[in-house]
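Notes to accompany the following structure.
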Amino acid sequence: SAAAVLRLDALHLSQKDRKAEAEQAFVDALKKFPNDLPLLDSLTEIYLLSGRFTNALAVTDIQLKVAPTSPRALVNKGGILIQLKQFEAALVPLDKLIELQPRHPGAHLNRAMTLMNLNRLDAAAKDYTKLVELAPATHNGHFGLAEIAWQRKQSADAKKHYEAGLKLAPAEAPETKLAQQRLKELSGLK
């Protein structure tokens, strides 16, 4: 389709590190095809990568008008609202997505992070536990459960989950350093 061709042209620009031109190409393409979900998706991506969360949120809201049950738009909206520290608002799209797709790992991760920020540790623990079940090869669920156990001074549980998370986490994951530090403290090493 013509929209797909315009999208590929814009993606090509973004890969050549011509972000401003790519953004303009997407904006222009959307004038011609305002309801094209792949175009909206790609523009959201560009805004997210450049940390322009209010722009990303505006585009995601357009996506949700076109496709109110789009898993990608719902998980993105939750994630963007977390970045904007609008935690109560973030629960709305994430709850909706989990209702539609109870086994969506990204929705459980984002909702767990939201609940942590709202200090609802029991509910966050349920989502992190579900995440461990749905995505056993990822570290996020374990690190989340470890953090909850740490806050509750449950040393054995914290240690178990930090260790499990470290086995799975890439070395450059932001949580890796914190997990290593906490394990040292739990082992009584300074």
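Numerical summary
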{"read-out": "The chain - percent of accessible surface contributed by carbon and sulfur, probe 1.4 Å", "value": "56"}
{"read-out": "Folded to 0 to 90 degrees: helix 174-186 orientation relative to the chain principal axis, Cα", "value": "10"}
{"read-out": "Distance from region 74-141 to region 143-184 (C-alpha centre basis), Å", "value": "18"}
{"read-out": "Candidates Gln24, Gln63, Gln83, ranked by Gaussian network fluctuation over the chain, Cα under 10 Å, top entry", "value": "Gln24"}
{"read-out": "Dipole axis of the chain (+1 Lys, Arg; -1 Asp, Glu on Cβ), positive-most option in Ala67, Ala164, Leu57", "value": "Ala164"}
{"read-out": "Estimated dipole of region 41-187 in Debye, rounded to 20 [Cβ of Lys and Arg +1, of Asp and Glu -1, Cα centre]", "value": "220"}
{"read-out": "Probe 1.4 Å, protein heavy atoms only - accessible area per residue of region 80-190 in square angstrom", "value": "56"}
{"read-out": "Relative contact order of the chain, defined on C-alpha pairs under 8 angstrom at six or more residues apart (%)", "value": "10"}
{"read-out": "Total charge dipole magnitude, region 11-118, about the Cα centre, Cβ charges on Lys, Arg, Asp, Glu only, Debye to nearest 20", "value": "60"}
{"read-out": "Cross-link table Lys77/Lys167; Lys126/Lys177; Lys130/Lys167; Lys126/Lys160; Lys77/Lys153; Lys65/Lys85, entries beyond 28 Å C-alpha to C-alpha", "value": "Lys77/Lys167; Lys77/Lys153"}
{"read-out": "Charge dipole (the chain, unit charges on Cβ, about Cα centre) - positive-most of Gln181, Tyr47, Met116", "value": "Gln181"}
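The values are calculated or read from the model by the stated rules, or taken from the named source; none is laboratory data. Note that the structure is predicted; figures quoted are calculated from it, not measured. All Cβ positions, glycine included, derive from the backbone under ideal geometry; neighbour counts span all protein chains shown. In case anyone asks, the SASA skips ligands and DNA or RNA and just uses the protein heavy atoms, side chains included. Shrake-Rupley method; radii C 1.70, N 1.55, O 1.52, S 1.80 Å.
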